[in-house]
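Presented below is the structure to which this report refers.
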Amino acid sequence: MRKILLAGAIALGAAVGAPALQSAAADGIELKMQFASPDGTSWNDMDRRFAAQIEAVTGGRAEVQFFPPNSVTPFKDWLQATGAGLLDLGFVWHPILPGKFPQMELFSLPGLSKNQTIASVVYWRLRDEYPEMGNLFSEQDNVVELATFVAMGSHLHTQKPVRTLGDLKGKVFGAQDSAGVKVLEELRASASVMVGSDAYLALQRGAIDGVLSAWGWVNNFKLNEVTTYHTLLNLNPGTYSSVMNKDTYDRLTPEEQKHLADITPLYFFYNTTDSAAAATADIPPENIFTLSAEDQAELATKMRPQWDEWVTKADAMGLPGQEILDEAVRLMTLYDRN
């Protein structure tokens, strides 16, 4: 399993405290990067820190140029824009591209993952055991994967209180992925996949009653401006990758490529955890609800068919679906004990 946190910490120290690496190539590199969220959010701040680290490990040869959210490309087209060279550094939210990343749908199964860090480590371990789990991008995508992670579980963020499963009936929601849509529809609500910026506008216009998403979305897409109540469900974690345009990546020296790979994981762990903490800091405790034991049991029963569906899909891809699922469950339980 990758010793990724240790490597990231070493590289971060090298980037900040050690003399910058001297690049073998004399030509400068402009790295185009689009923000995912507005100024003043944790994601935005971490993008700037990440850029500063890249500039440091390249000895100033690389310079990152930032663009406002959605100014170069819509969120859903970020992968295509990075492969085409419109951007050099990109963020790929897997659920927004249905069918593109079937392996990663494993980690969106409701009820499988309770902790983002553990789920991400389990994914890296599964990549060691089943290399097909890491085959995410094609040659046509023209990108290099820098890091891939499992996000935090999603909760329900609404304008009116949702205290029970019965309160969902007849309401309309956005969701961060198709797995969340399935759960909401099982609970007799209407739902569709939305990215964070679209969810904000839909909530603002009253087109939806709430959104099923991770806490990071609440903070970084400012959903706390258009929602008041929060129902804890911990469902359907999404997954995401950081990528770089392949032609740009090939212009880096081997030393620069190595340091880039080392600092990226640390950046993403800090990024997501920090943004989630910020999202909950100012919410009154009385506006955060937990389902009753009876509702939690009913929810678990309704979720299980999605597990069987993923196994069938994995088998159709030539993967040992049930074996991979069983190993994921075993590792989740094992790591959760420690």
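Some observations on this one:
- Residue match in the stretch 32-43 (condition: in contact (Cβ under 8 Å) with a residue 12 or more places away in the chain and assigned to a helix (DSSP H, G or I)): yes
- Positions within the stretch 50-75 being part of a helix (DSSP H, G or I) and loosely packed, with under 14 Cβ neighbours inside 10 Å, in sequence order: A52
- Options A14, A36; residue that is surrounded by 18 or more Cβ atoms within 10 Å (Cβ to Cβ) and modelled with pLDDT under 75: A14
- Among the residues making up the stretch 126-145, those that are farther than 19 Å from V311 by Cβ and among the charged types (D, E, K, R) are D128, E139, D141, E145.
- Top-ranked residue in the stretch 184-202 [being in contact with a helix residue (DSSP H, G or I) (Cβ under 6 Å, 6 or more places away or on another chain) and part of a loop (DSSP other than H, G, I, E, B); ranked as nearest to S120 (Cα to Cα)]: V195
- Residues within the stretch 205-220 that are in contact with a Phe, Trp or Tyr (Cβ under 8 Å, 6 or more places away or on another chain), modelled with pLDDT of 85 or more and not in a strand (DSSP E or B), tallied: 2
- Condition met for P95 (buried (at least 20 other Cβ atoms within 10 Å of the Cβ), over 13 Å from the mean Cα position of the chain (by Cα) and at pLDDT below 90): no
- Of the set (1) at pLDDT below 90; (2) within 16 Å of K114 (Cα to Cα), all apply to E298 but (2).
- Evaluated against (1) farther than 21 Å from G318 by Cβ; (2) free of Cβ contacts under 8 Å to residues at least 60 places away in the same chain; (3) outside the structural domain of I288 (by TED's automatic domain parsing), S113 falls short on exactly one condition, (2).
Conditions (1) part of a helix (DSSP H, G or I); (2) under 25 Å from P284 (Cβ atoms); (3) in the same structural domain as E294 (by TED's automatic domain parsing); (4) at pLDDT 95 or above, marked per residue:
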position: S120; (1), (2), (3), (4): yes, no, no, no
position: W124; (1), (2), (3), (4): yes, no, no, no
position: Q140; (1), (2), (3), (4): yes, no, no, yes
position: L146; (1), (2), (3), (4): no, no, no, no
position: V162; (1), (2), (3), (4): no, yes, yes, yes
position: G166; (1), (2), (3), (4): yes, yes, yes, no
position: K182; (1), (2), (3), (4): yes, no, yes, no
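- Complete set of residues in the stretch 228-279 that are out of contact with any strand residue (DSSP E or B) (no Cβ under 9 Å at 6 or more places or on another chain), at pLDDT 85 or above and of a type in the set (S, T, N, Q): T253
- Close pairs from the stretch 246-258: first assigned by TED's automatic domain parsing to the domain that holds G28, partner hydrophobic (A, V, I, L, M, F, W, C) and surrounded by fewer than 16 Cβ atoms within 10 Å (Cβ to Cβ), Cβ under 6 Å, at least 6 apart: T253/A24
The values are calculated or read from the model by the stated rules, or taken from the named source; none is laboratory data. Here the structure is a predicted model, which means the values were calculated and not measured. Quick reminder, even Gly has a Cβ in these numbers, built from the backbone with ideal geometry, and neighbours come from all protein chains shown.
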